[in-house]
Ligand code: CAA
């Protein structure tokens, strides 16, 4: 029960890493707002409720500030406070620089970068009011080291590291810890578009010789959301099997 009675907002919680985080947080005693643009999150929330979890689904487009503000008002009305924000929502629109469309570039910036800004700015006032909070952003191995075909995605994930450090400096005095997790290549739907040839090459580069599991990332989120990480601030935790060091 490492998150007993904490209220967590997890974006991108309809599937993949966000859903795994929601399940993990519930197991550790948290009340969870599952936030996603994808309304199938409603079904996932219902399944968790049927198992006795105190969770609620909120449909929101993180790229749209009005939608985010509306979501945060709904979460506070339902759970009365917000202790934890996991900025997990993210998309890819991969393409070589020479072929990447302006539209695909902008869409990834809107969701992965502006979305993190929107959610954090909307939530943080509630954490400041409570005098404590945990914000966990999701970077990526691509943002830290670059990745062929990911100009847009890598740009946003590098920017997330910069925002994490800035917010760690601004919000530390308010009792709020801000950290990031940088996942490597994890077994979710996000890698289904990656050619088999590329996956095979990647596995050879990973010292642990396997892709990550969603639980590998959910456990990192859990640590950074729990009291165990109270003196950790402004760091980026690499959970990538050691692919880059
Ligand atoms: N390293 C080195 N070279 C690579 C490469 C890589 N990772 N990926 C592709 N290339 C090379 C190809 O071998 C090819 O070389 P030749 O021209 O000599 O044949 C050239 O680049 C062009 O590749 P494609 O033929 O695949 O070009 P395309 O336009 O059809 O597709 C692409 C380009 C969409 C980027 C495709 O290669 C691709 O999907 N690559 C994988 C991108 C990737 O790794 N995405 C990560 C998704 S998971 C994620 O994002 C989560 C996270 O946080 C990490």
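We did not get these values from a lab; they are worked out from the coordinates using the rules stated. As the structure is a prediction and not an experimental result, all values here were calculated from the model. Every residue, glycine among them, receives a Cβ derived from its backbone with ideal geometry; neighbour counts consider all protein chains shown.
What the table shows:
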read-out: Shape category assigned to the range 1-100 from the gyration tensor of Cα positions, a/c cut at 1.5; value: prolate
read-out: The range 46-155 - Rg (one decimal) and Dmax (whole number), Cα, Å; value: 16.4, 51
read-out: Whole-number percent relative contact order across the range 4-119, with pairs defined as alpha carbons under 8 Å at least 6 apart; value: 28 percent
read-out: Descending semi-axes in whole angstrom, ellipsoid equivalent of the chain, from the Cα gyration tensor; value: 27, 19, 19
read-out: Amide N of the range 1-32 lying under 20 Å from the label point, which is placed 7 angstrom from the Cα of residue 46 along Cα→Cβ; value: 12-16, 19-20, 22-23, 32
read-out: 5 Å-binned pair-distance histogram of the range 1-41 (Cα, whole percent); value: 7, 31, 32, 18, 10, 3
read-out: The chain: relative contact order as a whole-number percent, Cα under 8 Å and 6+ apart; value: 19 percent
read-out: Using a Förster distance of 41 Å, the FRET efficiency for residue 66-residue 227 (Cβ separation, nearest 0.05); value: 0.75
read-out: Residue exposure sequence - 100, 222, 17 - by fewest surrounding Cβ within 10 Å; value: 100, 222, 17
read-out: Proxy reagent accessibility, fewest Cβ within 10 Å first, across 127, 190, 1; value: 1, 190, 127
read-out: The range 175-205 versus the range 128-144: alpha-carbon centroid distance in Å; value: 18 Å
